[in-house]
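Novice: Starting off with a structure, shown below.
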Amino acid sequence: MWGIIDKALDKFKDNSTFEDLILEVKKKEIPTHVAFIMDGNGRWAKRRGLPRSAGHQAGVKILKEIVKISKELGIKYITTYAFSTENWKRPEKEVNFLMKLFEKVFLEELEKLNQEGVKVNIIGYKERLPQGVKDKVEQAMERTKNNDTLVLNIALDYGGRSEIIESVRNIGKSLIDSEISLEDIDEKLISQGLYTNQQPDPDLLIRPGGEKRISNFLLWQLAYTELYFTDVYWPDFNKVAFLEVIKDYQQRERRFGGLKKK
């Protein structure tokens, strides 16, 4: 997949040509919900002889760019995998840096996101985050709760299996308390217990960085999602690369288990 995006990055260097690309993409169906596994920050930094922290900082800039172009395209939901339940296993120094970075980003970007109509939604075990991050998370969600231009789901201390287990446990409690019957348990009920309740499942999942797996991310929600993997590291995955992936998505036929249209 690197070749397609690499050529696009060279082709659309001037802004006028980039605007043509936007117009081309807008002519066809735009995904409503796009999910991202933001991978490759550390390797991007290593290639440049920089500390891993520099890669994470560069990754934040790309996310801001993706949010901006998503608003222009009319995408309504973005879900980003920022920190998984397994990421606590990383070196303490890197984890501490990431937590400070999250706190800093929420502090610096909240007002701008709010003005642009972005609703910030944090999914994951918020109670396990450091108090400073938790405070900023709660502030961001409260401040932007009424916005409806775009929902930005940020997965912090998130794991797909843990999310499903939590939903099942809540259903089990409701069953024990006789609030529901066994016959009430269906896909809709399980979905209602997930962090993305009342949101459509992702139409498209994009994972830069060269890995080809979903790494415990949105396991239930990705059942019929179109997947796109690329070797491009996340800090290099700019708005042009994003538009090229959407063009690829627009060429696919989503059948959801049905037959191909004639």
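Since every read-out is calculated from the coordinates, none of them should be taken as a lab result. All values reported here derive from a predicted model rather than from experimental measurement. A quick note on method: Cβ atoms are made from the backbone with ideal geometry, for glycine too, and the neighbour counts reach across all protein chains shown.
Novice: Is it fair to say residue 109 is surrounded by fewer than 20 Cβ atoms within 10 Å (Cβ to Cβ) and either touching a His at 6+ places or on another chain (Cβ under 7 Å) or under 23 Å from residue 199 (Cβ atoms) (or both)? Before the answer, list the steps.
Specialist: Working: surrounded by fewer than 20 Cβ atoms within 10 Å (Cβ to Cβ): yes; either touching a His at 6+ places or on another chain (Cβ under 7 Å) or under 23 Å from residue 199 (Cβ atoms) (or both): yes.
So residue 109 passes the test.
Novice: Within the stretch 147-179, which residues are without any contact (Cβ under 8 Å) to a residue 40 or more places away in the chain, surrounded by 15 or more Cβ atoms within 10 Å (Cβ to Cβ) and aliphatic (A, V, I, L, M)?
Specialist: 171
Novice: Looking at 112, 76, which is the one that is touching an Asp or Glu at 6+ places or on another chain (Cβ under 9 Å), within 19 Å of residue 145 (Cα to Cα) and of a type outside the set (Val, Ile, Thr)? Quick ask: steps written out before the conclusion?
Specialist: Details: 112 fails: touching an Asp or Glu at 6+ places or on another chain (Cβ under 9 Å).
The conditions single out 76.
Novice: Go through the stretch 84-100 and give me each residue that's closer than 14 Å to residue 54 by Cα, in contact (Cβ under 8 Å) with a residue 40 or more places away in the chain and of a type outside the set (Asp, Glu).
Specialist: Result: 97, 98.
Novice: Find the residue count for the stretch 65-89, including only residues that are closer than 20 Å to residue 28 by Cα and surrounded by fewer than 15 Cβ atoms within 10 Å (Cβ to Cβ). Walk me through how you get there before you give the answer.
Specialist: Step one: filter the stretch 65-89 for residues closer than 20 Å to residue 28 by Cα, giving 66-78.
Okay, now just the ones that are also surrounded by fewer than 15 Cβ atoms within 10 Å (Cβ to Cβ), so 68, 72, 74.
Of the residues in the stretch 65-89, 3 are closer than 20 Å to residue 28 by Cα and surrounded by fewer than 15 Cβ atoms within 10 Å (Cβ to Cβ).
Novice: For the stretch 158-262, which helices (runs of 4 or more DSSP H) that fit wholly inside it have 1 or more residues that are under 28 Å from residue 52 (Cα atoms)? Working first, answer last.
Specialist: Numbers: elements: 160-176, 187-192, 239-250.
So the answer is 160-176, 239-250.
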